[in-house]
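The values are calculated or read from the model by the stated rules, or taken from the named source; none is laboratory data. Please read all numbers here as calculations on a predicted model, not as lab measurements. Positions of Cβ are generated from backbone atoms using ideal geometry, with glycine treated the same way; all protein chains shown enter the neighbour counts.
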Amino acid sequence: MFRGWPSRPLRTARGPLIPRRAVHIFANPARFLSIARPLTPWLGWPGLLLIATGLVSGLFLTPPDYLQGESVRIMYAHVPAAWLGMAGWSGIAVASLMQLIWRHPLAAVAARAIAVPGALFAAICLLTGSIWGRPTWGTWWEWDGRLTSMLVLFFLYIAYIALSSAGAERGSNDRVSAIFGVVGAANIPIIHYSVEWWRTLHQGQSIGLAGSKIDGSILWPLPLTTLGFTLLFAAIVLMRMRAMLAEAKVEARLKRMASE
Amino acid sequence: MSAWAAIILRDVRLAYQGGGALLPLIFFLLVATLFPFAVGPDGALLAKVGGGALWMAALLAALLPVDRLVAPDAESGVLDQYAVRGLSDEGVAAAKIAAHWLGFGPPLMIAALPASALLKLDGATLGRLELGLAVGTPALAALGVMTSALTLGLRGAGALAGLVMLPLAVPLLIFGAGALGPDGMGALKLLGATALILTALAPFAAGAALRASRD
């Protein structure tokens with residue numbers, strides 16, 4: 001009979017699949033905080049600097065596209081937002097799996113911390129895409145595979161946030177939202193491959209490991225903003241995790257004071 | 001009689017006894033009645049969009065019973081009794097899905113007959129709609145039980161259930177409505193694939209949620 005999730009790490013013949021130390025090294029919130037606190041500004045400020053550099057050079061230094069004209073510049077915000085919208089849910093799914101399998105105490109905090117900025121970047125992706133679509137496609141919205149699945153992802157984020165905050169209100173453990181995080185991850189490959197499965201309006205993949213179909217003269221600020229937004233995203237997640245841990249600490253202290 | 005069959009029988013009997021199985025059907029027919037009011041009683045237009053409207057009505061009807069699929073059994077301690085007897089949560093969830101489908105799927109397919117008359121669907125479209133519903137309603141039932149287990153005991157569970165369930169049901173709606181056209185065989189196969197994945201996944205997610213709600 002199936003009795004609960006395995007409480008011990010998955011094992012191979014030569015030992016655990018992932019060493020227990022590697023998983024549990026940050027299970028101690030104090031140790032995690034001692035690294036997260038100094039790491040936050042080291043991620044956040046370079047991220048902001050890269051975003052500023054990328055956006056300024058994208059807006060003023062690169063030439064306009066031969067076909068799309070000036071409107072191509074919205075790419076420098078749209079592509080990082082799309083990447084972070086999808087990466088955010090992948091992060092939620094990984095953290096949820098860690099929480100379900102190893103009962104890692106910080107994984108639940110991490111998943112909840114990712115949800116709000118992930119939803120924000122999914123919304124930015126949809127908004128910038130809509131604004132970009134108006135001059136280039138002639139429409140604000142098209143029921144195209146990638147647009148639809150991104151919109152569904154946005155609604156999944158909202159559902160996840162609502163579910164986890166309702167669970168936190170009740171003071172229950174976060175395993176329910178973790179289950180939803182894993183189930184919702186089914187949407188991620190659909191978004192990723194949608195442009196290949198349903199070729200409608202959204203262009204196919206332009207940048208791959210083999211090279212880029214975008215000309216170098218307008219491409220070069222894109223990695224700057226992508227890296228910058230990613231670093232900023234990581235800094236926001238760390239800040240939110242620290243805030244949540246501090247909140248839990250305050251609550252525990254209040255409870256202790258009330259019982260004394 | 002095995003425990004699983006007993007659970008299924010009990011849940012089906014409860015669904016039909018309380019009249020709870022009737023409610024989604026009335027709701028389904030009500031949506032089918034509202035739709036012509038909203039777009040006008042033009043027969044050609046209704047025949048064109050009616051099938052999709054019925055799929056949407058089926059989705060909304062599947063949402064309706066979500067708040068009382070698991071919660072009454074959890075509150076009265078029946079689920080704890082199952083756990084004490086050593087029945088796995090995944091098995092209980094699967095039995096509940098089967099019972100919910102028996103109380104939801106076939107009646108919905110019958111209700112689709114008068115609804116298709118209201119929306120002036122032709123015979124061929126009706127046949128494809130029924131085929132699609134036969135393939136898709138098990139997944140709707142599975143999603144319903146899973147959502148019910150996930151939102152168990154949360155405040156505002158009803159509103160939360162819609163938020164949780166509808167995004168996951170979008171592929172069913174897309175492929176179900178896509179299978180209504182004359183060349184809908186490809187979409188029907190995709191509908192079958194989606195429904196199989198959801199129905200296979202849901203007992204595990206629902207079972208894990210039931211276990212999480214207990215400790």
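For the criterion of being within 12 Å of chain A (Cβ to nearest Cβ) and at negative phi, B:Pro114 fails.
Counting only residues that are in contact (Cβ under 8 Å) with a residue 12 or more places away in the chain and closer than 21 Å to B:Leu172 by Cα, which one in the stretch B:25-48 is surrounded by the fewest Cβ atoms within 10 Å (Cβ to Cβ)?
Restricting attention to the stretch B:25-48, the residues satisfying the condition of being in contact (Cβ under 8 Å) with a residue 12 or more places away in the chain are B:25, B:27-29, B:31-33, B:35-36, B:43, B:46-47.
Keeping just the survivors that are closer than 21 Å to B:Leu172 by Cα gives B:25, B:27-29, B:31-32, B:35, B:47.
Numbers: B:Leu25: 19, B:Phe27: 17, B:Phe28: 23, B:Leu29: 17, B:Val31: 18, B:Ala32: 21, B:Phe35: 20, B:Ala47: 15.
So, considering only residues that are in contact (Cβ under 8 Å) with a residue 12 or more places away in the chain and closer than 21 Å to B:Leu172 by Cα, the one surrounded by the fewest Cβ atoms within 10 Å (Cβ to Cβ) is B:Ala47.
Before we move on, is B:Leu121 among the aliphatic types (A, V, I, L, M), more than 10 Å from chain A (Cβ to nearest Cβ), out of contact with any strand residue (DSSP E or B) (no Cβ under 6 Å at 6 or more places or on another chain) and not in a helix (DSSP H, G or I)? Taking the combined requirement at face value, the residue satisfies it. Checked against the criterion of being within 14 Å of another protein chain (Cβ to nearest Cβ) and either free of Cβ contacts under 8 Å to residues at least 60 places away in the same chain or not in a helix (DSSP H, G or I) (or both), the stretch A:127-140 has no qualifying residue.
Per-residue answers, yes or no, for (1) more than 11 Å from chain A (Cβ to nearest Cβ); (2) at pLDDT 85 or above:
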{"position": "B:Leu152", "(1), (2)": "no, yes"}
{"position": "B:Ala157", "(1), (2)": "no, no"}
{"position": "B:Leu166", "(1), (2)": "no, yes"}
{"position": "B:Ala177", "(1), (2)": "yes, yes"}
{"position": "B:Gly184", "(1), (2)": "yes, no"}
{"position": "B:Ala193", "(1), (2)": "yes, yes"}
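Applying the set (1) aromatic (Phe, Trp, Tyr); (2) crowded, with 18+ Cβ neighbours inside 10 Å; (3) free of Cβ contacts under 8 Å to residues at least 60 places away in the same chain to A:Trp89 leaves exactly one unmet item: (3). Of all the residues in the stretch B:75-87, those that are surrounded by 13 or more Cβ atoms within 10 Å (Cβ to Cβ), in contact (Cβ under 8 Å) with a residue 40 or more places away in the chain and more than 13 Å from chain A (Cβ to nearest Cβ) number 1. Restricting attention to the stretch B:3-24, which residues are surrounded by 14 or more Cβ atoms within 10 Å (Cβ to Cβ) and outside any helix (DSSP H, G or I)? Passing the criteria: B:Gly20, B:Ala21. Scanning the stretch A:159-174 for residues that are in a helix (DSSP H, G or I), at the interface with another protein chain (Cβ under 8 Å from one of its Cβ atoms) and either touching a residue at least 40 places away in the same chain (Cβ under 8 Å) or buried (at least 16 other Cβ atoms within 10 Å of the Cβ) (or both) yields A:Ala159, A:Ala162, A:Leu163, A:Ala166, A:Gly167. Scan the stretch A:102-115 residue by residue and report those that are buried (at least 18 other Cβ atoms within 10 Å of the Cβ) and part of a helix (DSSP H, G or I). Passing the criteria: A:Trp102, A:Leu106, A:Ala107, A:Ala108, A:Val109, A:Ala110, A:Ala111, A:Arg112, A:Ala113, A:Ile114, A:Ala115. Note on the stretch B:148-162: residues that are on the phi < 0 side of the Ramachandran plot and out of contact with any Leu (no Cβ under 8 Å at 6 or more places or on another chain) amount to 4.
For the condition in contact with a helix residue (DSSP H, G or I) (Cβ under 8 Å, 6 or more places away or on another chain), at pLDDT 90 or above and under 21 Å from B:Gly144 (Cα atoms), B:Ala71 does not qualify.
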